[in-house]
Structure formats: structure tokens, C-alpha cells
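Below is one structure, written out as C-alpha cells; comments come after it.
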Amino acid sequence: MLSTLRRRLWFSFAVLIGVMMCSVASGWYLSLRQNPVLYRQVTINLRVIEIEITPLVRNALVGGRLEQIPAILQQEAETREVRILLIRADGSIVYDSLQAETGLLPSSVLLPGKDDQFAARDGSVKDKKGVTWIYVARSIGKGFTLAVATPRPQLPLRTVLRDNLVSPLIWSGIIALGIAFILAILLANGISKPLQQMADISRKLADGDYTVIPVKGPNEIKALAKALNDMSQKVNLSQQSQREFIANVSHELKTPLTSIQGFAQAILDGAVQTPDHLRQAATVIYTETSRMHRLVTDLLSLARLEAGTADLQRTPVDINLIAQTIVERSMLQAKQMGIDLQTHLSDVPTMIGDGDRLAQVVSNLVDNALKFTPQGGKVVIETGSQAGWIEIRVIDTGQGVPPEDRSKIFERFYQVEKSRKGGAGHGVGLGLPIAKQIVQAHGGKIWVESNPGNPSMSKESISSKGSIFIVQLPPARPDDITMNRRLVAG
């Protein structure tokens with residue numbers, strides 16, 4: 001019955017409203033039962049009766065007709081449906097219209113005082129049987145006091161319901177209860193409906209339907225809707241990236257496999273027989289196999305880096321030595337391409353990391369800069385310190401990276417073909433993603449600036465066009481925590 005959130009909310013609101021209404025009704029009923037207005041009205045009626053009876057008793061006392069008093073009081077008590085007592089100054093009861101059958105009123109509490117000093121007073125008192133009496137009393141002379149009493153009136157529920165004031169209150173309560181129930185249902189629907197809608201859309205998400213959840217309702221519901229929309233978008237992007245990854249890998253493997261298959265088939269068919277032709281076919285097969293090997297190796301390295309399972313060493317690393325080594329190794333290639341390769345090295349602190357992996361980062365950036373810098377251009381490698389970071393800059397004078405591509409060039413297989421036309425060949429688009437993962441594994445950052453319009457780290461490298469790839473790495477610290485915590489824990 002209460003299996004859904006909507007029913008539970010409605011039932012909770014209904015119970016809460018019912019408890020509140022019952023509490024108000026109970027308090028209202030108790031207030032009516034103890035109404036001081038009712039008490040005062042009873043006292044006034046008793047006082048009127050007492051005023052009317054007093055002359056009769058007083059005349060009998062003055063005329064010496066004491067034997068007539070009980071009959072007079074008994075008749076008046078029966079006629080007026082009250083209890084009448086005649087009390088002496090010493091507190092003894094001369095007459096009680098109810099006799100002793102219902103218990104005597106405690107005269108010492110009822111009528112304290114001395115002879116001929118009794119003052120008219122009213123109040124309430126319990127008799128021996130626990131009955132509460134409301135009474136009025138007056139001294140009538142000759143040392144006697146006349147008291148008129150009646151049991152405290154009980155207010156039955158039906159009597160309360162017959163009151164003219166009660167009927168409008170009851171109808172007002174019923175209307176208020178109905179309105180409260182309607183508001184409870186609307187409030188429950190307002191909370192449960194968006195949640196149900198989110199549940200339906202989440203089920204569709206598993207089937208590939210990335211419907212956007214409307215962001216409406218209370219702040220908590222809006223926050224949940226935004227979180228689900230963000231998750232849906234990330235899942236969509238992840239699956240799209242996975243599809244693109246498979247397509248790119250298939251494309252990159254297709255070309256070398258086609259070449260290998262073609263030349264191998266030519267050898268098998270006897271189309272290639274001379275030593276020169278065989279050597280040429282073997283060279284192509286070896287080259288394409290090496291290309292496939294590099295692709296697979298890069299993919300495995302990238303996967304391990306992204307998963308945090310790569311085996312990274314932790315040794316002191318001299319960034320300047322790495323930069324100088326990469327430049328010396330690339331100098332011959334730069335001369336053959338007609339590119340001026342320079343270094344501007346500054347004193348930088350030692351860091352803790354994997355020197356081979358960091359050399360791979362610098363090598364990838366330098367190869368990338370040489371590949372897309374036209375003949376006669378310049379590539380500069382700079383090192384320095386910036387705001388507590390070790391900074392490496394690889395600056396080229398190529399065509400630069402368009403703003404719309406700068407956030408994508410670190411994605412797998414992404415290439416900026418339309419703006420990078422100065423190189424001698426093209427890679428498969430894994431160098432920058434691998435460099436990014438290595439840098440992040442060391443607790444650093446990497447990004448690209450293009451057409452900066454501002455001076456770089458040295459005046460010699462100022463350029464109005466081209467790209468600047470910036471790597472920031474943390475120096476060695478006392479706690480020696482400079483690499484990805486996942487890798488350190490492993």
C-alpha cells in the first residue's frame with residue numbers, strides 16, 4: 001500500500017494533519033469543559049437563588065419558627081434543584097437538603113470564620129465522595145449561614161456539539177482539513193513526480209537515450225536533475241569517444257595491414273622475384289610492421305597511464321639535462337628540415353619522477369613542433385620556474401592552433417590537419433595524449449597557447465604566430481609526493 005514515495009508522502013501528511021486537528025479539537029473541548037464563563041454563570045444562578053431564599057429563612061429565625069426552616073429549605077431545594085445547607089457559627093450543620101447520603105461538605109473549608117462575621121462568598125469544594133460542588137454562602141444573622149450549592153456541571157460532547165458556535169467551527173475544520181489534504185497531495189506529487197521522471201529517463205539512459213531531464217522543482221530536486229544531466233552527458237561523451245577510438249584504431253591499422261597483405265601476396269604469387277624487388281617488399285613490410293608496433297605500444301602505454309597502472313620510477317630528475325639531450329638527438333632532423341632548433345635553459349630545481357617518461361614528453365613536444373613548423377622556421381625549448389613550478393616551454397613558429405581545437409588536441413587520435421601543414425609527415429594523434437597523461441601522473445599540468453601576443457620566457461623566442469606548449473611540474477618537496485597518488489599507492 002505504501003510502496004511508492006508519493007503514497008508515503010501523502011500518508012505522512014495526512015497523519016500529521018489528522019494529529020494536529022485532533023490536538024486542536026481536544027484542547028478546544030477541554031477548554032470548553034473548564035470554561036470560566038460557565039462557572040461564573042452557575043455562580044450567578046446560585047446567588048439569585050440564595051437571595052430569594054434568605055428572606056424566608058431570616059423571617060423564620062426572627063419569628064422563632066425554627067421548626068419550619070427544614071420544610072422551607074427542603075421545598076426550595078426540590079423546586080430549584082439545588083443543595084441547601086444551614087450552618088451554625090461553630091461549623092455544625094443544622095440542615096442539609098441531601099442529608100448525609102451523599103457526604104457532608106467540609107464546613108471548616110466551606111465557611112471559615114467566627115460567629116456573626118460570615119461574609120458572602122462563593123467557591124468550590126469536594127465532598128467526602130469526591131463530588132465537586134460550586135456554592136455561594138451568606139450570613140443571615142443569629143449565628144447562622146445559608147449556603148446554596150450545586151454539582152459542578154459536566155459538559156457532554158453532544159451538548160458541546162449543539163452549541164451555536166460549534167457548528168461553524170466544525171465546518172471550518174472540515175473545509176480546512178480538505179484543503180490541507182489537497183495541498184498535501186499536490187506537494188507529494190510535486191516531489192515524487194520529478195523523481196519518477198528522473199527514474200524513467202535513467203532507465204532510458206541504459207538503452208542509449210540521453211534525454212535531458214527538466215531542471216525544476218525544489219532546490220534538492222534541481223540539484224539531482226543537474227547531476228543526472230551531467231552524468232548523462234559524460235556517459236554520452238564517453239561512449240562517443242569509445243566509438244571514435246575504435247574507428248580511429250581500425251583506420252590506423254587498416255593502412256599498414258593493407259600494405260603488408262599486398263606485398264606478402266605479391267611474394268606468394270611470384271610477382272616479386274628479383275633481389276631488389278624482394279628487398280623493397282621486405283622493407284615495406286618491416287616499416288609497416290614497425291608502425292603497427294609503435295601504435296599498439298602507444299595505445300598500451302596510454303591505457304596504463306589513464307588507468308593509473310603504469311610502472312613509473314621515482315628518482316631525482318634534472319629537467320635541463322633532459323631538454324639538452326632531446327635537442328641534441330633532434331638536431332640532425334631539424335637541420336635536414338631547415339628548422340633552427342634552440343634551447344634557452346635556466347636554473348631549475350630538481351624534481352622526483354620518471355626521467356624516461358618525462359623525456360618522452362619533451363621528445364613528443366619537440367617532434368610535434370618540428371613536424372608542423374615550415375622550413376626556415378624556429379623551435380625553441382625553454383626551462384624556468386614560475387610560481388613555484390618547474391616550467392618547460394616548447395615554442396614553434398608554425399601556423400598555430402585555432403581556438404576551437406586547443407581543448408581537443410590532447411584527445412586520442414585528434415589532429416589539426418587544416419592548420420598544421422608545415423611538416424614532413426603526420427602521426428596518429430597519440431603523442432600529445434600520452435604526454436598529458438605522463439605530466440598529470442607527475443602531478444603537473446600541460447596546455448597550449450597560440451598566437452599569444454605577449455613576450456615568452458626569453459626575448460629571442462617572441463613570435464606573433466605559432467604555438468607554445470607549456471608543461472608545469474612540481475619540484476621535489478620534503479614529503480616527496482609529486483606523482484599521481486594512484487601510482488604511488490600501487
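The values are calculated or read from the model by the stated rules, or taken from the named source; none is laboratory data. Note that the structure is predicted; figures quoted are calculated from it, not measured. Neighbour counts run over all protein chains shown; Cβ positions are idealised from the backbone, glycine included. For the accessible areas, the whole protein counts, side chains as well, though only heavy atoms, and no ligand, DNA or RNA atoms are used. Shrake-Rupley method; radii C 1.70, N 1.55, O 1.52, S 1.80 Å.
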- Hey, rough spin-label estimate for Lys254 and Ala387, points 7 angstrom out along Cα→Cβ, what's it come to in nanometres? 4.4 nm
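Order the following by accessible area, largest value first: His442, His344. Probe radius 1.4 Å; ligands, DNA and RNA are ignored. Display every interim value, and only then the final one.
Values: His442 0, His344 45 Å².
The residues order as His344, His442, largest area first.
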- Task: Please list, in chain and number order, the residues 5+ apart from Lys126 or on another chain whose amide H is under 5 Å from its amide H, with Hs placed from the backbone.
- Result: Trp133
- Report the one residue of Gln261, Ala247, Ser232 whose Cα lies farthest in the direction of the positive end of the charge dipole of region 192-271 (charges on C-beta: Lys and Arg +1, Asp and Glu -1; origin at the Cα centre). Ser232
- Classify region 313-374: rounded, prolate or oblate, from the alpha-carbon gyration tensor (a ≥ b ≥ c, eigenvalue square roots; a/c under 1.5 rounded; otherwise prolate if a/b is larger than b/c)? prolate
- Note, ³J(HN,Hα) from phi for region 41-52, Karplus 6.51, -1.76, 1.60, rounded to Hz, x at Gly and Pro: 5, 4, 4, 4, 4, 5, 5, 4, 4, 4, 5, 6
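Would you mind classifying region 268-366 by shape? Square roots of the alpha carbon gyration tensor eigenvalues, ordered a ≥ b ≥ c; an a/c under 1.5 is rounded, otherwise it is prolate if a/b is larger than b/c and oblate if not. Walk me through the numbers before you get to the answer.
On the way: a/c = 4.13, a/b = 1.68, b/c = 2.46.
Because a/c hits 1.5 or more and a/b fails to exceed b/c, region 268-366 counts as oblate.
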- Label Ser92 and Leu56 with points 7 Å out from Cα along Cα→Cβ: what is the distance between them in nm? 2.5 nm
- Task: Could you compute the FRET efficiency for Thr274 and Leu332, with r as their C-beta to C-beta distance and R0 at 45 Å, rounded to 0.05?
- Result: 0.85
- Query: Which residue, chosen from Ala303, Gln196, Gly270, occupies the Cα position most advanced towards the positive end of the dipole of region 179-333, where the dipole is computed from +1 (Lys, Arg) and -1 (Asp, Glu) charges on Cβ about the Cα centre?
  - Reply: Gln196
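Taking the Cβ-Cβ separation of Gln242 and Arg294 as r and a Förster radius of 30 Å, what is the calculated FRET efficiency to the nearest 0.05? Before the final figure, lay out the partial values.
Working: r = 22 Å, r/R0 = 0.74.
So, using R0 = 30 Å, E works out to roughly 0.85.
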